Amino acid sequence: MHISIIHFEPQYAADFKRLNVEWLDKYDLTEPADISMLENYQAEILDTGGCIFLAKAGDDIVGSAALLQEKPGEFELAKMAVTEAFQGKGISKLLIEKCIAQARELQAIKIFLFSNSKLNTALSLYEKYGFVHVPVVDNHYTNADVRMEMIL
């Protein structure tokens, strides 16, 4: 099946929330900061210079990833999700590659992310793309015990 990576549109807001709550709940990691970002994506992501990408298979939205501008030149990679039925098909790679390309286009100097040590598959993926483990600082997530970054 062909997967396309598209820019977020408001009609996909429910999909964006569903995809992320699905995996957060699975690992018992859902917290108020996540729900706030998913419900207030316009103010918390888009209006601050960030962007959201979605993976589309046919008419279905099956994945998401967002870049949040923390400060000029620094972006957080966040809200990366692929629905379970579509995992293992390279969709995460497409999403992360799109986010890295977008960060470069925006002349970012660094991309960082917060994660959880339970998420071995995700951590391995980030490492493959050149993210390195750094001390967990400026953490706005209660359940994140991992911080990684990539200098562009």
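The values are calculated or read from the model by the stated rules, or taken from the named source; none is laboratory data. Worth saying up front: this structure is predicted, and the values here are computed from it rather than measured. Cβ placement follows ideal geometry from the backbone for every residue including glycine, while neighbour counts extend to all protein chains displayed. All accessible areas refer to the heavy atoms of the entire protein, side chains included, with ligands and DNA or RNA removed. Shrake-Rupley method; radii C 1.70, N 1.55, O 1.52, S 1.80 Å.
State which residue is most open to solvent (accessible area, probe 1.4 Å) when the search covers only segment 109-131 and only residues that are part of a strand (DSSP E or B) and within 22 Å of Lys26 (Cβ to Cβ). It would help to see each step written out before you state the result.
Applying the first criterion (part of a strand (DSSP E or B)) to segment 109-131 yields 110-115.
Remaining after also requiring within 22 Å of Lys26 (Cβ to Cβ): 113-115.
On the way: Leu113: 2, Phe114: 27, Ser115: 12 Å².
Here the residue is Phe114.
Would you confirm whether any residue within segment 4-24 is more than 17 Å from Leu119 (Cα to Cα), more than 15 Å from the chain's Cα centre (by Cα), part of a loop (DSSP other than H, G, I, E, B) and of a type in the set (S, T, N, Q)? I'd like the intermediate steps shown before the answer.
Filtering segment 4-24 for residues more than 17 Å from Leu119 (Cα to Cα) gives 4-18.
Right, trim to more than 15 Å from the chain's Cα centre (by Cα) and you get 4, 9-12, 14.
Filter once more, so that each one left must be part of a loop (DSSP other than H, G, I, E, B): 9.
Cutting the leftovers down to of a type in the set (S, T, N, Q) gives us none.
Looking through segment 4-24, none of the residues is more than 17 Å from Leu119 (Cα to Cα), more than 15 Å from the chain's Cα centre (by Cα), part of a loop (DSSP other than H, G, I, E, B) and of a type in the set (S, T, N, Q).
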Is it the case that segment 35-57 has a residue that's in contact with a Phe, Trp or Tyr (Cβ under 7 Å, 6 or more places away or on another chain), in a helix (DSSP H, G or I) and at pLDDT below 95? no
Within the group Lys93, Lys79, which residue is under 17 Å from Ser64 (Cα atoms), exposed (fewer than 15 other Cβ atoms within 10 Å of the Cβ), at pLDDT 95 or above and under 14 Å from the mean Cα position of the chain (by Cα)? Lys93
Being in contact with a Lys or Arg (Cβ under 7 Å, 6 or more places away or on another chain) and either open to solvent by 80 Å² or more (accessible area, probe 1.4 Å) or within 17 Å of Trp23 (Cα to Cα) (or both) is the filter here; which residues of segment 136-152 pass it? Ile151
